[in-house]
Each structure stands twice: as C-alpha cells, then as structure tokens.
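Before any comments, here is the structure.
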Amino acid sequence: MIFGHPLATQYAEHSKLGVLGGIPIFGSDLISSEGYAPDEILYILLLAGSLGYAYMMKVSIVIVVLLASIFLVYRKAIQKYPQGGGSYTIAHAHLGETASFIAGAALSVDYILTVAVSVSSAIENLTGIIPWLAATPHKVAADILVIMFMAWINLRGLKESARLFAIPVYLYIVSLLVLIGTGLVEILIYGVTPQVPQHLVQTNASSVTWFIFARAIAGGTTALTGIEAVSNGVTAFKAPAQKRAISTLFTLSLLVAIGLLGLSFLASAYHIVPGQGNTTLNQLGWIVFGNTLPYYTLMVTAAAILVIAANTPFAGFPILLSLMARDGSAPRYFKNLGDRLVYSVGIWTLFFISIFLIVIFHGDTHMMLPLYAIGVLLSFSLTGTGLALHAWKERAKNWMSDFAIFAFGGALSFLVFLVFIITKFTQGAWIILIVMPLLVLLFRGIKSVYRGEIHNLNVTPEALADFQKHVAIVKRRRAHAEISEYRNKIIIPVYDLNLMVLKAFKYAYSLTPQVLAVHVASDPERASKLLKHWSENHIEIPLQIVDSPYRALVHDFLLFLNKFESKTNYDTITVVIPEYVPEKIWHNLLHNQTGQLMKLMILLKKSVLVTSVPYHPQTDAIKKS
C-alpha cells in the first residue's frame, strides 16, 4: 500500500526512463539552479555599483562556455562508460584510487547538500504566503516532511517519480521560455529605460576588478549544479541507454544556457537588484507578465521545482553508491536493488543524512549555501583532468581537440573551485575541507577491509586440494555404506565459492554425504559466475540455483526450504550457514547480516535445524598452514 508491489528483475528494462522522463528525474536540480544563478552573480557584481550590470552578460557567457566544455566532457564520459558513475568512474580509471575517493566524496557532499538546500530554500520561499512557516521549529518540521515525501516517491520507483514531477517541471520550463521570449520582444520593440537604483553608486571601469569578476563567475556556477547526475545514472535509461542519456544531457545543457543568458540579459537591461524574498526571477516575472496568470504560474512552478530539485540527488546518489559498492569503496549492500528496482538503501541513507543536516543548520539556507556547488566543481575538474590524461595517453584520431576540450574544462573548473573555497572559506566552506578528507579516509578504510577479506577468503590451490583430499578420505570411510542409509540432509546457502564455504562443506560432508548447496539467484550474472567456478574447481557437492525474481534472498530460501521439506522424508534437515567473523567488531557494519536474519527465521521452524560454521580469518589461516 505504501511502496507499491515488488517488481521482478525481468521488469527492469520496462521501469527505466526515456529522454522525457530523464529530464524531470535527472534535470530538476539543474533547471531550478538557473533560476537563482543570476541573483548570485548580481550580488557580487553590484558591489562595484551600477557598472556591474555591464559585466552581467560577460560573466554569464563565461559560465555558458564552461557549461559547453562540461557537456562535451560528460558526453565523452557517457560514451566511454555505459555503467555510469561520471566523475567517480573516470577518476578511478585514469587518475587512481585516491582521486576516485575524492570524486566520490565530492559528489556525495554535493548530492546531500542539494537535498538540504533545495528543500529549505523552497520552504523559505513559502514563508511570504504562509507566515507560520517562518518560525524555526515549524520550518524544520516542514523541511523534514518534504524530504520524507521525496524519499517515499523515489522508493516507489524512478518511473513513478518521473510521472509525478513531469508536469510541474515542464510547466516551469515553458513559463521560463515564455518569460524570456516576451521580455526580449518587448525590449526589441518598445525599448527600455531602466532607472538606476539610488543606492548604487556610479563607478568607473576599473571598479570591477578581476577578483570581483572571478567571484561572480564562481557564484554563477550554481547554475551548473546537478549536470553530473545524467552521467552518473546512465543505467537508469532505456536501451540504447547511452544515446538517451546524451540526448537528455544535451537538452538540459541547452535549456540552462538559454535560461541563464536570457535571464541575465533581462536582469541587466532592467537593472534588477535582487533582495531577500524578491528574487530576480520574481521581479522579471512581475515586469514582463504583470499581475496575470502567467506570472503566478511561473512563480508557483518555480517554488515547486525547488522542491523537485531534491529529486535529482535521490536518483543520482544511490546509483553512485552502488558503483562504489561494486568497487568495494562503500558497504556492499548499497549495490542491492530494492523491491521497486531502485537502490533503496542509498535512498534511505540520503534521507537520514539530509534530515540530520536540516536539524543541525536549523533549515537555514544561507548557512548551507556556501557549501553548495563546491563538490560539483571539484568533480568537474577531476572528470576533465581524467579524460584529458586518457586522451594524451591514447592519442587516438582527433585526440588533440579532445585533449584541449577536456583540459580546458578541468582547469577552468578547478580555478573556479579555488575561487569558491577562498571567497566562501569564512562563510562555512572550511567545513568541506574537513568533511571531504574524512570521507576519503572512510572510503579508503572500507576498501582496505574488503580487500583484506577477499584475500582471506580466496580459494587457493592448496585449500582446494585439502578439500578434495578430505572428501576422498570420507568417501573411503563410507565405501561399504549405502547413501540411502543416511537419513539426515544438510543444506548450505552459498553466495560464492570461497574458503568460508569450503570449511562449511568439510564440516557437513563429515556428518553425511547428503549435502546440497543452494544459491538464491537475485543476480543472474552472479549465478552464472558461481556455476562456472563450481565446474572449474570440480566441486562434487551438488549446487541448486533458486530463482529470486524479486531479489528477496531470505524469503526465497525459506520458500525453497518449505518445498524441499514437503517433498522429502529425511529424519532431519539441517541448514548450515557459513559465517565470516571479522577481525574487528565495527567491520560487521560493512555486511548486511543476511546470515543472521536467515538463522533467526529458520529457528522459528520446528522441523528444521540450523547451525553456523564460523570462519575466523587469522585462526583458520594458521590451521591451513
């Protein structure tokens, strides 16, 4: 009733998105950002007085050039890496492991802050209509309710969220284009004679320094937040996924370029002065449309899209974590698809962390905004640098033009990142310089733990020979006994063939030859890989594959157990669960504890016994040697 019926794995392709669905899902953050980017530019340029208006279009053009280079960079990323991942995947492939951790940390910070900033900004914009929301406790409560709603919609699946958010997103796009078009026509036909605001002092050209110009560019780059989400979420698109992702990215980039240039031109022409509660978009809407339905449509959809902007991280962040989990840089349970074919653990994680931020910062957008866009600028830089290095090394056809584009995008993004850090340092940017290194250390620690576990569990030729020898000895001991004489059956759930499983096999086979290995196949690729390992290593214990179309491992294993029990007449059926015992207690947080849950559920069954075979990496390694 709440999250919808579970979707089968075979339904995965039908649940994916086309271009029209991809725009509201992956582009809402980007589209909403262009609405308040002119404000961020003007806040800086007007420090130089009315002369700042003359530089408005110049700043916007620089940002559009940066946007074009970023589009070309991510277009190449989508073509080359169909599995998605954007900055993280490219940094991992071309800049090394540490760079990939930095990219993962940068994107994680950007996604989390996008949720907090978008929702708090949307609620703040509603305080004029609903004054009750101005009180901090009420505002925080409203923020949390909105985040709960966004998480709920995304837990129901990407397609459902695309249907829900499509109308307000497309209505906002149309309203914005009509605003720009109408404003341009009015200026071209009737002209405009703006009044210079009295508090702005006329200055000479030297007043707009390079530092102010650079700060304005840095502020305006908020229009680019969210552009990396498409390259992260290539796997969410229908086939041909790469082509649809590139089309979506191009459409979004074009909309941002038109929106930013159009709003900047109108703002400079009308000498708009943004203020608290009276944004550039609001003033332009009132000037161009007046007190009419189009004005109210524009402002209502603008407020709505600020809320919907939080949807982009809910789509992109779980996919990023799933890719990191596959590489062993994040807990492995992040790579598991939930009931509705979305990475639900990632959605829940984003939900709790963003609520924590809202509570800590009391839902104050101004306090969180300096942290915004820093992560995305760093990820742009890593993407461009990684692809530039790749082009330099490969030197394929037309490599010089690719190298120039990628290097330009990477270098410009890094320069803007430095300006952002320097100018916003005292306003809270220092927090990022603490949080990101901590995240990098966390990812490195997780990678180290998993790498150690893989080393501990890898099947060696010696271990395999020892297992085969054990089986042969037991067989000789039972040479004169009929297999039908053994009335006890042992079933062992297995995920992969490793030393932990071999130890469980040796224990079970010592008790009875009636041993069956069962693999619950939530991932067809994993099942085929296990069958291959089974055949190559000549494991004599039979392996049964149990289909799990809804990826419910424990449920499907218990269902198999019930059917097996009803069709057989063994005196006892025992489930032996291989368990890896980590060297440190906190390492248990990196495992999903499926074995513990399975053990608990089987204990409730009166006719089936359950036991664990713990594998202690240090002790068992000493025993083998």
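Of note:
- Scope region 246-262; condition closer than 22 Å to LEU377 by Cβ and in contact with a helix residue (DSSP H, G or I) (Cβ under 6 Å, 6 or more places away or on another chain); matching residues: THR248, LEU249, LEU252, SER253, VAL256, ALA257, GLY259, LEU260, LEU261
- Single residue of region 96-116 satisfying the filter (among the hydrophobic types (A, V, I, L, M, F, W, C) and farther than 16 Å from GLU228 by Cβ) that is surrounded by the most Cβ atoms within 10 Å (Cβ to Cβ): ALA116
- Pairing residues of region 464-489 that are farther than 26 Å from ILE573 by Cβ and of a type outside the set (Lys, Arg) with residues that are surrounded by 10 or more Cβ atoms within 10 Å (Cβ to Cβ) and modelled with pLDDT of 85 or more, at Cβ distances under 8 Å and at least 6 apart in sequence or on separate chains, gives LEU464/LEU502; LEU464/ASN537.
- Sole residue being modelled with pLDDT under 90, at negative phi and surrounded by fewer than 19 Cβ atoms within 10 Å (Cβ to Cβ), chosen from ILE70, ILE123, ILE130, ILE78: ILE130
- Among the residues of region 263-308, those that are over 14 Å from TYR172 (Cα atoms), surrounded by 19 or more Cβ atoms within 10 Å (Cβ to Cβ) and of a type in the set (Gly, Ala, Ser) comprise SER264, ALA267, SER268, ALA269.
- For region 312-346, taking the residues that are surrounded by 24 or more Cβ atoms within 10 Å (Cβ to Cβ) and either without any contact (Cβ under 8 Å) to a residue 24 or more places away in the chain or in contact with an Asp or Glu (Cβ under 8 Å, 6 or more places away or on another chain) (or both), the one that is nearest to GLU160 (Cα to Cα) is identified as THR312.
- Candidates ASP547, ASP571, ASP523 - the one that is exposed (fewer than 12 other Cβ atoms within 10 Å of the Cβ) and either closer than 22 Å to GLU453 by Cα or of a type outside the set (Phe, Trp, Tyr) (or both): ASP571
- Only listed residue being modelled with pLDDT of 90 or more and in the same structural domain as VAL610 (by TED's automatic domain parsing), chosen from PRO549, PRO493: PRO493
- Scanning region 466-502 for residues that are farther than 27 Å from LEU590 by Cβ, under 47 Å from the mean Cα position of the chain (by Cα) and not in a helix (DSSP H, G or I) yields LYS489, ILE490.
- Of the criteria (1) closer than 18 Å to ILE305 by Cβ; (2) modelled with pLDDT of 85 or more; (3) surrounded by 21 or more Cβ atoms within 10 Å (Cβ to Cβ), which one PRO168 fails: (3)
- VAL140 meets the conditions (1) among the β-branched types (Val, Ile, Thr); (2) more than 26 Å from TRP348 (Cβ to Cβ); (3) more than 20 Å from the chain's Cα centre (by Cα) in every case but one. The failed one is (2).
- In region 232-245, of all residues being surrounded by fewer than 18 Cβ atoms within 10 Å (Cβ to Cβ) and either in a helix (DSSP H, G or I) or in contact with a helix residue (DSSP H, G or I) (Cβ under 8 Å, 6 or more places away or on another chain) (or both), the one that is modelled with the lowest pLDDT corresponds to THR235.
- Selection from region 223-257 of residues that are small (Gly, Ala, Ser) and either over 13 Å from LYS16 (Cα atoms) or outside the structural domain of PRO24 (by TED's automatic domain parsing) (or both): ALA223, GLY226, ALA229, SER231, SER247, SER253, ALA257
- Subset of region 389-445 [buried (at least 17 other Cβ atoms within 10 Å of the Cβ), under 19 Å from LEU72 (Cα atoms) and of a type in the set (Lys, Arg)]: none
- Qualifying residue in region 518-536 (condition: at pLDDT 90 or above and closer than 24 Å to SER484 by Cβ): yes
- The one condition in (1) surrounded by 14 or more Cβ atoms within 10 Å (Cβ to Cβ); (2) modelled with pLDDT under 85 that ASN588 fails to fulfil: (1)
- Within region 503-559, the set of residues being in a helix (DSSP H, G or I) and of a type in the set (Val, Ile, Thr) comprises just one member, VAL554.
The values are calculated or read from the model by the stated rules, or taken from the named source; none is laboratory data. Since we're looking at a predicted model, the values are computed, not measured. Positions of Cβ are generated from backbone atoms using ideal geometry, with glycine treated the same way; all protein chains shown enter the neighbour counts.
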